[in-house]
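S.K.: Dropping a structure here in structure tokens format, bear with me for questions.
The values are calculated or read from the model by the stated rules, or taken from the named source; none is laboratory data. Predicted model, so just to flag it, every value in this text is computed and none were measured. Methodologically, a virtual Cβ is constructed for each residue, glycine included, from the backbone with ideal geometry; neighbour enumeration extends over all protein chains shown. Surface areas here come from the heavy atoms of the whole protein model, side chains and all, with no ligands, DNA or RNA. Shrake-Rupley method; radii C 1.70, N 1.55, O 1.52, S 1.80 Å.
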Amino acid sequence: MKKWLFALIAVPALLVGCGEKNEQAALPEPVVPEIPEVEILTPKEVALNETIELAAHVKQGGENVDDAIVEFEVWESGKRDEGQMLDGKLDKDGVYKAMTTFDHDGVYYMYAHTTANGVHNMPKQQIIAGSPDMTQVLPEDEKDNSMDHNMMEHNHDTTDKDEHGEQEKDEKNHH
């Protein structure tokens, strides 16, 4: 009789204890921040030898982000390796700015490298300074400027080599 009484008390106590542990184990999933929305505010056509505002408005989850890291990368078409990085400074309400001057006619490009809450976005914009002779503009090689494209190309090349290698193995095995 004492054993039955002990069992009737011990089993529910154990079940309650296990239930509390399961509740603790079921913690909510960590929240992954959204990709920051970056609106480039810089005009697409600018005058020569005037101070130009490179500007970007940063939002995340519909709210202005005032603690983002914004760097403006600017280069003349075809000369990315000669480009420059300019730190964006918070102006107000999620708008970051940096100043630059274009001293000769040309087609330029700008990335607004933006990191907010650990998530990176880098929209790109073309800027025409002055009146460039478009026939003399060096073509922009998108393959060199897109990390995603380079990764896709790398994966694609590897796949082709693997398939080609498998084909060669199959041909050798059949001979």
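S.K.: What FRET efficiency, computed as 1/(1 + (r/R0)^6) with R0 = 35 Å and r the Cβ-Cβ distance, is obtained for MET134 and VAL31, rounded to the nearest 0.05? Provide the component values of the computation, followed by the final result.
M.R.: Numbers: r = 47 Å, r/R0 = 1.34.
So the FRET efficiency works out to roughly 0.15.
S.K.: Here's a follow-up. Take ASP133, ASP67 and sort them by solvent-accessible surface of the protein heavy atoms, 1.4 Å probe, largest at the top.
M.R.: On the way: ASP133 85, ASP67 115 Å².
Putting ASP133, ASP67 in descending order of accessible area: ASP67, ASP133.
S.K.: What is the sum of charges around ALA112, taking Lys and Arg as +1, Asp and Glu as -1, for the other residues whose C-beta is under 15 Å from the C-beta of ALA112?
M.R.: Working: positive: LYS44, LYS59, LYS89, LYS97, LYS124; negative: GLU37, GLU39, GLU53, GLU71, GLU73, ASP87, ASP91.
Every neighbour counted, the sum reads -2.
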